[in-house]
Amino acid sequence: MGSVTCNPLAPPSTHLLLNPSKIPKFCHSRRQLHGSQRASKIIAYYGLKTPPYKLDALEPYMSKRTLEVHWGELHRGYVEGLNKHLAKDDVLYGYTLDELVKVSYNSGNPLPVFNNAVQVWNHDFFWESMQPGGGDIPKYGVLEQIEKDFGSFTNFKEKFIGAALTLFGSGYVWLVLKREERRLAVVKTSNAINPLVWNDIPIISLDMWEHAYYLDYKNDKGTYANVFMNHLVSWNAAMSRMARAEAFVNLGEPKIPIA
Amino acid sequence: MALRSLAIRKAIGLGKSVGLGLRGLQTVTLPDLPYDYSALEPAISGEIMQLHHQKHHQAYVTNYNKAVEQLFQALNKVDTSTVVQLQGAIKFNGGGHVNHSIFWKNLAPVHEGGGEPPHSSLGWAIDTHFGSLEALIQKMSAEGAALQGSGWVWLGLDTEFKRLVVETTANQDPLVTKAPTLVPLLGIDVWEHAYYLQYKNVKPDYLKNIWNVMNWKYASDVYQKECP
C-alpha cells in the first residue's frame, strides 16, 4: 500500500554489497530537476506512505482537514527531513526504518536523524492503527490477551484513555507487547519516543500531540481519546501486529478458537 | 502516638507563623487579560486567545488548585509517598499557571505599544549581548522553531551575572527550572495550542508575527527592577 516505487537497478553504494543478506526495504529514485538531463543530487530514501484509507474516510471522527495537514504537511515534512539527513550521511544507508529508529536512538543519546526517522515511523504506525468503522472490541487472541493482562477490556480501555489524559505535553499512548515481561501494557511516551527503543513491540498507538486533535476537538483531549477508542482504533491492525509479535515473544500455548 | 500529634501541632504552629493560612488554603485564580481576545489580531487570532485563556490556562489553574489541595491533605497525614507523587502535577500545572500569567503580560495590542522596540537600559543590554534587536529576535525565533514537542522559549536575565540569556524549557517548566538565578523577561509559548488553529504547522510564521505584538515595556520594567 506504500507509495514507494522500486528501482531494482544496481545500488549506488558498496555498503550494500558487504551485507548481501540485508534485503533493502527502501528504494532509490532519482529526481530530474526542471527537465534537465543531469540526474539531481537528491536521492530519495523513503517515501511518504499513504494511509490505508482516503483522507475523508475517518469523518466525522477525524476530519479530512486534519488528515490533510497532519499527513500531507507534517508527516510529509518529517519524510523530507529524513531524506535530507540521509543524503548527507551514508553510514546510515541500508537500514530499514525500524532499524534506523533503534540505531539512531543511540541508547538515549539520539543522533540528529532520530527525530525525523522516529516521527516518520510513528505516523506510519498511527495511520495504520486506525480504520474507517473502527472501534468496537477486538476478537480472538487479542481480546484474550487483553483480558489476561488487564482483567477486562473495559479496564484496558480506562487505562488507555487515562494515560492519554495524564500525558504532560506532547507524546503518544501505546498498547505495547513487552518482550521481557511477555505481556501487554499501556505505555505513554514523551514527544516522539517509541517503545521500539526499549525493544518492545507496539500494537496500537494514539497520537496525543496537539496537532493531532486540535483542529477537530480544540483542547478537549477526553473526547478525542474516547472517540479514538470507540470509533477509530483498528483492531484488525492490532490482530496482524500481534500475530507477527508472537513470532518473537512466546506467549504460551496457543488456544485454537473453536470456529 | 502522642509524639506524632505533637509533631503535627508543632508543624501547624510553624505553618501559622509562615502564613500558610491553614484554615483557608490559598488557591490561585485565573488572571484577566489586560486586553480583548481579538486585540492581538492579526498576529494571534481571537479564537486562539479565547481558547488559550479560558480553556488551557483555566485548566492549569483548576488542576493546580486540586493538586495543592491533595498535597495539603497528604502533608497533614504525613503521607510522604503521595506528597512526592503529586510533584509532577504541581510542576506541570503550577508551571503552566506561572508561564501563562507572564505570557499575557508579554503581549500587547499594537495601539498599546505592542511591537515597539525596547529603549533605555534593556535596549542597550540587548545590543551589547546580542549585537542588535534583530539578532535577538532571530535567535529566539530559531530556538522556538527548533524546539521539538511542547515548550517555551525565553528571554531571561541571569541576576547573578547580570546577563541576558535565551533559553528554552520543555512542557510547562518555568524558567527557574533552568537555573534559580534566571528571571523571565519575555516568554513565547510554542505549544501547538498557541498557534495551530491559525498557523497550522507553520510554526515559523507564528514566531515571525508574534513580535508585532510583543510588549517590550513589560520586559523593560522587569529588567530595570532587577538591574537598577
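The GluC sites (Glu not before Pro) of segment A:130-239 that DSSP puts in a loop, and whose beta carbon has at most 16 other beta carbons within 10 Å, are A:GLU180, A:GLU181. With a ≥ b ≥ c taken as the square roots of the eigenvalues of the C-alpha gyration tensor of chain B, please select rounded if a/c is under 1.5 and otherwise prolate if a/b is larger than b/c or oblate if it is not? It is prolate, given that a/c is not under 1.5 and a/b is the larger ratio. Seen against the Cα atoms of chain B and their longest principal axis, helix B:216-226 is set at about 50 degrees.
Overall, the anisotropy analysis places segment A:64-249 in the oblate class: the square-rooted eigenvalues a ≥ b ≥ c of its C-alpha gyration tensor yield a/c not less than 1.5, with a/b not exceeding b/c. For segment B:95-194, the relative contact order is 29 percent, taking Cα pairs closer than 8 Å that sit 6 or more residues apart in sequence and dividing their mean separation by the residue count. Relative contact order for segment A:171-226: 36 percent, from Cα pairs under 8 Å spaced at least 6 residues apart, divided by residue count. Checking the Cα-Cα distances for A:LYS49/A:LYS221; A:LYS49/B:LYS200; A:LYS188/B:LYS91; A:LYS64/A:LYS139; A:LYS218/B:LYS200; A:LYS139/A:LYS178 against a 23 Å cut-off, the pairs over it are A:LYS49/A:LYS221; A:LYS64/A:LYS139. Taking every C-alpha pair closer than 8 Å and separated by at least 6 residues, the mean separation divided by the residue count of segment B:56-130 gives a relative contact order of 31 percent.
Rounded to whole Å, give me the distance from the Cα center of segment A:59-129 to that of segment A:137-216. Each part's Cα centre sits 19 Å from the other's.
Residue by residue along B:150-163, Cβ atoms of other protein chains within 10 Å of the local Cβ number 1 on average. Peptides B:93-99, A:163-169, B:124-130 ordered by packing proxy, namely the average of other Cβ atoms within 10 Å per residue, highest first: B:93-99, A:163-169, B:124-130.
I'd like the orientation of helix B:87-106 relative to chain B: the angle between its Cα long axis and the longest Cα principal axis, in ° from 0 to 90, rounded to 10. Approximately 40 degrees, to the nearest ten.
Every read-out reported here was derived from the displayed coordinates using simple, explicitly stated rules and does not represent laboratory data. Quick caveat, the model's predicted, so the values are computed rather than measured. We place every Cβ from the backbone using ideal geometry, glycine too, and count neighbours over all the protein chains shown.
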